[in-house]
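To start, the structure under review is shown below, and the notes come after it.
The values are calculated or read from the model by the stated rules, or taken from the named source; none is laboratory data. A quick note: this is a predicted structure, and the numbers were derived from the prediction, not measured. Heads up, the Cβs are rebuilt from the backbone with ideal geometry, glycines too, and the neighbour counts pull from every protein chain shown. Accessible surface areas use protein heavy atoms only, side chains included; no ligands, DNA or RNA. Shrake-Rupley method; radii C 1.70, N 1.55, O 1.52, S 1.80 Å.
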Amino acid sequence: MKTKINLFFLFIVTFCQIQGQTIRITTSETDLVMAVAPNGRLYQAYLGSRLLNEADIQHLSPFLSQAASDAAVTVRGWEVYPGSGGEDYFEPAFIVQHADGNMTSILTYESHTQKKIDENVIETIIILKDKEYPLKVKLCFRSFDRENTIQTWSEIEHTGTTPVLLSQYASSMIYFQEQDYFLTEYSGDWAKEVQISTQQLQFGKKVIDTKLGSRAAMHTYPFFQVGLGTPAGEQTGKVLLGTIAWTGNFRFTFEVDNVGNLRVISGINPYASYYELKGGETFVTPEFIYTLSEEGTGKASRNLHDWARNYQLKDGKGDRLTLLNNWESTGFNFDEKILGELMKEAKELGVDMFLLDDGWFANTYPRANDRAGLGDWEVTHSKLPNGIPGLVQAANKAGVKFGIWIEPEMVNPKSELFEQHPEWVIMQPNRETYYYRHQLVLDLSNPEVQNYVYGVVEQIMQENPGVAYFKWDCNSPITNIYSPYLKEKQNHLYIEHVRGVQNVFRRVKENYPDLPMMLCSGGGARCDYEALKYFTEFWCSDNTDPVERLYIQWGYSRFFPVKSMAAHVTSWNKAASVKFRTDVAMMCKFGFDISIKELTKEEQQFCKEAVANYNRLKKVILDGDFYRLVSPYETNHTAVLHVSKTREKAILYTYDIYPRFGEKMLPVKLEGLDPAKMYEVKEINQMPGRKSGLKANGKIMSGDYLMKVGLEAFTTSRMNSRLIELTAVN
Ligand code: DGJ
């Protein structure tokens, strides 16, 4: 076995024959073929469904032979990583101003290597160089066979001595040739994350970008979907799902050119960020991750879910803790007694952990509200006289673990930290300060500040090794953009700040690899696959109204496995029953943020049973295949399904949102089951003493029937929900 593994790592093939060279990047279902044209440049020859016959690859070359006769004129577009100033009159992947002021870069193929990382992953590195200038570009790809996912990034290396200026630096550029293109974007704001809308792309550019600095998202999200040919459905249509792994300003450009081809350019948003590259330096772009599906978005999402759990998400294959959080029930108003009560409630509910939120720190300027204290990460003695050790002890005594909230990248001007280190803060030296939630962002481009931010976690952990979980918040975008540290290099701030944040995240993970952590950003404004390398889950939204959450969770689930999506039962939308609120949260990584004292005895009993059900079914929910069956965007209902990888167990969730009188009510057709297996159908998660109204309850039905005919599970009642467990009996 050992020799086999070593062989994988030794399997490196290097190519440097120039003309006619093709480079094929393959997954179980996709082929990306690039070829070197007679002009020495690298073009995308194909991107689509996997080609079954190796020999057919050669037929792709006639497309490229256009380049043979008159390359400079006829081949426009399709170049894998075009610079500015060439014969392609559309958006380039990168722009460099060379030391002599010249703005043109033309890259030619130098060599490439392909290496097996393991039996499922191949890494391809292509080296391109400019013959006239000291510039090399490495195009890097990792292809994940089973997950049908490609991860790609670029490295721009300045091999000369005099500095050059980069004003664009995409991670990736890919092309499509289809009749029509339908772009789905995910826009939003605080408490209305990932609202889905689709538009047809026409000639010209559509840009999706953000300029928030400290996070990728809020008004729009770092992921997109393109229906190729037709708008993509859940089970039908050719579709591209793409996402950029960058915790800062990002940009996607979708450009339809003069002949109707589409180019998709993904990367850091170069807004106010022209980057000086000194001799010998390399600019590494973030990863762009994408998958193609011929069978709609459902399949594409499952590709990304598997890829994320297997390769990207912190502890992607591990378990997750259920919890009780105190933010919604106490806000900043708590003391040891109140927390102690909540810890006991957590135990009563049966969850694994109590999570203490904002408001536990600072003494000179105590964190009694959001106007003071950020930066002073010492427990407020008057509020919590026994400190964190006392809280950990109390939680453990109650029989639950203890987790804690921090927001270490931020500072309130009313804090000792701000008084001691104003030079650590991103802030204009000569203008009035603008505050977002009364706070400012620390300058993470400064390594000293990175140490300080890392130290916040380290200090808590060293003093309290019993702390079992962190919720890491980031409530402000960067405001008053000026770094005292970078001085005349302000144009590097957006990039160096994010790199600094990444350094801290990386260090925390290196030192605390088993510590589960929730990524949070004033709701769901941090949800990118770079940050998720270091976090086990993210907070989807402060909006926990279960109706709104159905839309929000639907949207995120296009790109993220439910295992990474934290969802809590709260008091938002009291018109919805506790059961409905619970059934919505149980679709994801489950928790509570409510005092059970607000609940009736019957509701409390229900919640305890729900936690027990969740624990029993956790493996299926968190590690199974996720199917979106009925969309809240298209009907007055929603249905989703988790199916275990073995197809032995499935859990169907049905929700009636606002059904109309006399509306057409269709059975819910399941997916992903084994047609040959017989399944016992059982409604679970019911209020105590309530009988199931589900016609099929207790029956045994084949997977075939359940997928072709389905279950009559929807009702005409408002905000009604059902959880239905299906267990294979043969
Ligand atoms: C914003 C988060 O989204 C909330 O869950 C909560 O942690 C607050 N910040 C605390 O200030």
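State the number of residues belonging to the range 220-258 that are under 15 Å from the mean Cα position of the chain (by Cα) and in a loop (DSSP other than H, G, I, E, B).
Number satisfying all stated conditions: 6.
Looking at this structure, is Gly267 at pLDDT 95 or above and either surrounded by fewer than 21 Cβ atoms within 10 Å (Cβ to Cβ) or over 26 Å from Leu135 (Cα atoms) (or both)?
no
Filter the range 513-530 for residues that are in a loop (DSSP other than H, G, I, E, B), open to solvent by less than 10 Å² (accessible area, probe 1.4 Å) and within 9 Å of the ligand (Cβ to nearest atom) and give the result.
Residues satisfying the conditions are Cys520, Gly523, Ala525.
Do we find that Leu641 is touching a residue at least 24 places away in the same chain (Cβ under 8 Å), part of a strand (DSSP E or B) and open to solvent by 10 Å² or more (accessible area, probe 1.4 Å) in this structure?
For Leu641, the condition - touching a residue at least 24 places away in the same chain (Cβ under 8 Å), part of a strand (DSSP E or B) and open to solvent by 10 Å² or more (accessible area, probe 1.4 Å) - is not met.
If you take the residues in the range 663-677 that are of a type outside the set (A, V, I, L, M) and open to solvent by 70 Å² or more (accessible area, probe 1.4 Å), which one is modelled with the lowest pLDDT?
Going through the qualifying residues, I end up with Lys664.
Within the range 531-551, take every residue that is closer than 24 Å to Lys317 by Cα and open to solvent by 10 Å² or more (accessible area, probe 1.4 Å) and give me the one that is farthest from the ligand (Cβ to nearest atom).
The residue in question is Lys533.
For the range 454-471, state whether one or more residues are buried (at least 23 other Cβ atoms within 10 Å of the Cβ) and within 16 Å of the ligand (Cβ to nearest atom).
Looking for residues that are buried (at least 23 other Cβ atoms within 10 Å of the Cβ) and within 16 Å of the ligand (Cβ to nearest atom), one finds at least one in the range 454-471, hence yes.
So, restricting to strands (runs of 3 or more DSSP E) that lie completely within the range 659-729, which ones have at least 1 residues that are under 16 Å from Val620 (Cβ atoms)?
The qualifying strands (runs of 3 or more DSSP E) are 678-684, 720-728.
Could you list, in sequence order, the residues of the range 556-612 that are touching a Cys at 6+ places or on another chain (Cβ under 9 Å) and of a type in the set (Gly, Ala, Ser)?
If the condition is that a residue be touching a Cys at 6+ places or on another chain (Cβ under 9 Å) and of a type in the set (Gly, Ala, Ser), then Ser557, Ser564, Ala566, Ala567 are the ones that fit.
As an exercise: evaluate Asp189 against (1) touching a residue at least 60 places away in the same chain (Cβ under 8 Å); (2) part of a loop (DSSP other than H, G, I, E, B) and give the number of the one condition it does not meet.
(1)
Inside the range 581-624, can you point out the residues that are crowded, with 19+ Cβ neighbours inside 10 Å, aliphatic (A, V, I, L, M) and more than 23 Å from Asp357 (Cβ to Cβ)?
Leu617, Val620, Ile621, Leu622
Take the conditions modelled with pLDDT of 95 or more and more than 16 Å from the ligand (Cβ to nearest atom) and apply them to Gly403. Does it pass?
no
Can you tell me which residues in the range 577-602 are in contact (Cβ under 8 Å) with a residue 12 or more places away in the chain and either over 25 Å from Leu622 (Cα atoms) or among the β-branched types (Val, Ile, Thr) (or both)?
Scanning the range 577-602 gives Val578, Thr582, Val584, Ile594, Ser595, Ile596, Lys597, Glu598, Leu599, Glu602.
Return a yes/no flag: does the range 652-661 have any residue that is in contact (Cβ under 8 Å) with a residue 40 or more places away in the chain, open to solvent by 10 Å² or more (accessible area, probe 1.4 Å), under 26 Å from Val578 (Cα atoms) and among the aliphatic types (A, V, I, L, M).
Among the residues of the range 652-661, not one is in contact (Cβ under 8 Å) with a residue 40 or more places away in the chain, open to solvent by 10 Å² or more (accessible area, probe 1.4 Å), under 26 Å from Val578 (Cα atoms) and among the aliphatic types (A, V, I, L, M), which makes the answer no.
Filter the range 86-106 for residues that are assigned to a loop (DSSP other than H, G, I, E, B), over 31 Å from the mean Cα position of the chain (by Cα) and either charged (D, E, K, R) or at pLDDT 95 or above (or both) and give the result.
Scanning the range 86-106 gives Glu87, Asp88, His98, Ala99, Asp100, Gly101, Asn102, Met103, Thr104, Ser105, Ile106.
For the subset of the range 472-507 comprising residues that are in contact with a Gly (Cβ under 8 Å, 6 or more places away or on another chain), among the hydrophobic types (A, V, I, L, M, F, W, C) and open to solvent by 10 Å² or more (accessible area, probe 1.4 Å), which member is farthest from the ligand (Cβ to nearest atom)?
Ile481
What's the number of the only condition in (1) at pLDDT 95 or above; (2) part of a loop (DSSP other than H, G, I, E, B); (3) open to solvent by 10 Å² or more (accessible area, probe 1.4 Å) that Tyr627 fails to meet?
(2)
Where in the range 124-176 are there strands (runs of 3 or more DSSP E), lying fully within it, with 1 or more residues that are among the small types (Gly, Ala, Ser) and open to solvent by 10 Å² or more (accessible area, probe 1.4 Å)?
Because the criterion is at least 1 residues that are among the small types (Gly, Ala, Ser) and open to solvent by 10 Å² or more (accessible area, probe 1.4 Å), the strands (runs of 3 or more DSSP E) in the range 124-176 that meet it are 164-176.
Which residue is farthest from the chain's Cα centre (by Cα), if the candidates are limited to the range 552-570 and must be within 14 Å of the ligand (Cβ to nearest atom) and not in a strand (DSSP E or B)?
Top of the filtered list is Thr570.
Please specify each residue of the range 352-366 satisfying the condition of being open to solvent by 10 Å² or more (accessible area, probe 1.4 Å) and within 29 Å of Glu609 (Cα to Cα).
The one that is open to solvent by 10 Å² or more (accessible area, probe 1.4 Å) and within 29 Å of Glu609 (Cα to Cα): Asp352.
Among the residues of the range 344-367, which ones are closer than 13 Å to Ala395 by Cα and within 16 Å of the ligand (Cβ to nearest atom)?
Listed by number, the residues that qualify are Met353, Phe354, Leu355, Leu356.
Looking at (1) closer than 30 Å to Leu442 by Cβ; (2) among the charged types (D, E, K, R); (3) crowded, with 17+ Cβ neighbours inside 10 Å, which is the only condition Lys192 fails?
(3)
Condition check: open to solvent by 50 Å² or more (accessible area, probe 1.4 Å), modelled with pLDDT under 95 and more than 16 Å from the ligand (Cβ to nearest atom). Does Asn310 satisfy that?
Against the criterion (open to solvent by 50 Å² or more (accessible area, probe 1.4 Å), modelled with pLDDT under 95 and more than 16 Å from the ligand (Cβ to nearest atom)), Asn310 does not qualify.
Name the single residue, out of those in the range 328-343 being open to solvent by 50 Å² or more (accessible area, probe 1.4 Å) and either in a loop (DSSP other than H, G, I, E, B) or among the basic types (Lys, Arg) (or both), that is farthest from the ligand (Cβ to nearest atom).
Lys337
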